[in-house]
Amino acid sequence: QVQLVESGGGLVQAGGSLRLSCAASGNVCNLVTMGWYRRAPGKEREWVATITNGGATNYVASVKGRFTISRVKNKNALYLQMNSLKPDDTALYYCNVKNPWNEYWGQGTQVTVSS
């Protein structure tokens, strides 16, 4: 089992920045990917960004150039630096990790961007 706890969400004006954090604990020895997803009001959950065990990153087109995903392996920590935030970024943001056998989700942290 892997436990994930997100933090760092909040209310910010358009153009502002936030940094989300995700602390992983439990069986974190075989993680393949770590990533962020989000669910906006009335919409399906959407993949945002992923970082592999080797450090390769990938982003949904709508956040490229504005968001940066990073991890600190020895601290089992995942981050999402979000700059130039837009009202469309308003959502509940979830941390997600995958190992060869399963995937795990955090409870989410709310990000609200006002116009």
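The values are calculated or read from the model by the stated rules, or taken from the named source; none is laboratory data. All values reported here derive from a predicted model rather than from experimental measurement. Here Cβ is always computed from backbone atoms with ideal geometry, including for glycine, and neighbour counts include all displayed protein chains. To get the accessible areas, we keep the full protein, side chains included, count just its heavy atoms, and leave off ligands, DNA and RNA. Shrake-Rupley method; radii C 1.70, N 1.55, O 1.52, S 1.80 Å.
Within the range 5-34, take every residue that is closer than 14 Å to N102 by Cα and either surrounded by 15 or more Cβ atoms within 10 Å (Cβ to Cβ) or of a type in the set (D, E, K, R) (or both) and give me the one that is farthest from the chain's Cα centre (by Cα). If you could, list the steps in order and put the result at the bottom.
Let us first name the residues in the range 5-34 that are closer than 14 Å to N102 by Cα, namely 26-34.
Remaining after also requiring either surrounded by 15 or more Cβ atoms within 10 Å (Cβ to Cβ) or of a type in the set (D, E, K, R) (or both): 28, 31, 33-34.
Values: V28: 17, L31: 15, T33: 12, M34: 8 Å.
Going through the qualifying residues, I end up with V28.
Name the residues in the range 42-55 that are open to solvent by less than 60 Å² (accessible area, probe 1.4 Å) and small (G, A, S), would you? Can you show your working first?
Step one: of the range 42-55, the residues open to solvent by less than 60 Å² (accessible area, probe 1.4 Å) are 48-52, 55.
Residues satisfying the conditions are A49, G55.
List, please: which pairs have Cβ atoms under 7 Å, are six or more places apart or on different chains, and start with a residue in the range 9-20 that is at pLDDT 95 or above and end with one that is outside any strand (DSSP E or B) and of a type in the set (A, V, I, L, M, F, W, C)?
Correct list of pairs: V12/L85; A14/L85; G15/L85; G16/L85; S17/L85; L18/L85.
Which ones in the range 64-115 are out of contact with any Asp or Glu (no Cβ under 9 Å at 6 or more places or on another chain) and among the basic types (K, R)?
Passing the criteria: K64, R71, K73, K75, K86, K98.
Tell me yes or no: at least one residue of the range 84-104 is over 25 Å from L11 (Cα atoms) and of a type in the set (S, T, N, Q).
Step one: filter the range 84-104 for residues over 25 Å from L11 (Cα atoms), giving 97-104.
Next, from what is left, pick out any that are of a type in the set (S, T, N, Q): 99, 102.
There is at least one residue in the range 84-104 that is over 25 Å from L11 (Cα atoms) and of a type in the set (S, T, N, Q).
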